[in-house]
């Protein structure tokens with residue numbers, strides 16, 4: 001099974017699990033008027049949308065290169081990630097507003113074992129999904145799967161906070177339930193900004209990490225025939241990079257010798273992780 005097929009499977013599992021949790025949380029949350037559980041339910045709604053966007057982005061990104069897209073469709077993953085970040089901000093706003101209203105108006109909820117049961121079910125299910133997706137992401141070295149894994153792990157912490165709010169609220173501490181809802185809203189906001197930042201840097205063609213760039217330059221300078229490195233840039237194409245290299249060689253080299261140096265540079269650099277292609281321009285020193 002290739003990396004795109006595994007990502008598809010992860011997305012479908014996420015959609016099914018989050019729809020189940022969404023329905024259970026909102027039914028129990030509205031019946032008991034628990035702002036923490038309602039907030040957690042809207043968090044699951046965001047997770048459903050995120051899983052759908054993961055599925056759609058992965059489907060487009062898996063398409064091969066064509067005449068109009070010579071470097072493939074890898075950036076689709078980041079375009080859909082940015083859409084996810086905006087949707088999460090809307091969810092966070094709604095949760096924050098309803099939770100703050102519950103605190104200001106001293107709204108209380110009706111405790112029931114269903115509230116605790118749904119929270120515990122969520123924690124168990126999300127923990128299983130976290131372990132599965134983390135192993136799959138590391139095995140396939142797939143950043144999109146690892147992002148899903150992180151989302152499942154976050155949900156374990158969020159729902160654990162919900163469970164805490166439920167038990168404290170059942171003891172008459174009414175404001176804890178609303179405060180947990182606000183905390184969830186702030187956590188979703190933080191997560192959405194992280195997703196936005198990661199997508200933005202790729203879509204704006206941010207250069208490769210400085211440490212990796214230094215390693216690349218050291219490799220180039222070690223190749224026989226290279227006088228010095230003029231310039232190196234990295235252009236992201238989805239999960240991969242195109243490395244654009246300008247080097248100077250001895251001015252009296254033949255075209256064949258200069259081409260040989262360029263071929264060696266390309267061969268060496270394609271050994272780096274996530275390097276999709278290498279373009280080399282040779283200048284006379």
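Each value in this text was obtained by applying a stated rule to the coordinates, not by laboratory testing. Because the structure is a prediction, the values reported are computed rather than measured. Note that each Cβ is placed from the backbone with ideal geometry, even for glycine, and that neighbours are counted across all protein chains shown.
Annotations
- Structure remark: mean-square fluctuation, Gaussian network model of the chain, C-alpha springs under 10 Å; the largest value among 244, 15, 184 belongs to 244.
- Taking all Cα pairs closer than 8 Å and separated by 6 or more residues, the relative contact order of the range 10-78 comes to 29 percent.
- GNM top mover of 148, 43, 218 - the chain, alpha-carbon springs below 10 Å: 218
- Relative contact order (%) - the range 3-203, alpha-carbon pairs under 8 angstrom, separation at least six: 29 percent
- With the alpha-carbon atoms of the range 21-64 aligned to their principal axes, the span from lowest to highest coordinate is 50, 13, 8 Å, starting with the largest.
- Between the range 195-249 and the range 1-48, the C-alpha centres lie 39 angstrom from each other.
- Within the listed set 268, 211, 25, the Gaussian network model of the chain (springs between alpha-carbon atoms below 10 Å) gives the highest mean-square fluctuation for 211.
- Placing one equal scatterer on every Cα of the range 210-284 and applying the Debye formula, the log10 ratio I(q)/I(0) at q = 0.15, 0.19, 0.26 Å⁻¹ is -0.45, -0.71, -1.24.
- The chain: angle of helix 113-140 to the longest principal axis, Cα-based, in degrees nearest 10: 10 degrees
- Classification of the range 2-108 by its C-alpha gyration tensor yields an oblate form. The axis ratio a/c (a ≥ b ≥ c) is 1.5 or more, and b/c is at least a/b.
- Principal-axis tilt of helix 35-61 within the chain, Cα atoms, nearest 10 degrees: 30 degrees
- Contact order for the range 145-244, expressed relative to its length and based on alpha carbon pairs under 8 Å spaced 6+ residues apart, stands at 17 percent.
- Hydrodynamic radius by Kirkwood, which averages 1/r over all alpha carbon pairs of the chain, in angstrom: 21.4 Å
- Look at 94, 8, 75 and count the other Cβ atoms within 10 Å of each Cβ; fewest to most, that gives 94, 8, 75.
- Over the chain: helical MRE at 222 nm, DSSP H runs n ≥ 4 each giving -39500 (n - 2.57), nearest 500: -24500 deg cm²/dmol
- The range 141-285: Rg to Rh, with Rh as the Kirkwood radius over Cα pairs: 1.31
- Compared with the dominant Cα axis of the chain, that is its longest principal axis, helix 76-104 is turned about 30°.
- Antiparallel %, DSSP beta bridges [both residues in the chain], to 5: 55 percent
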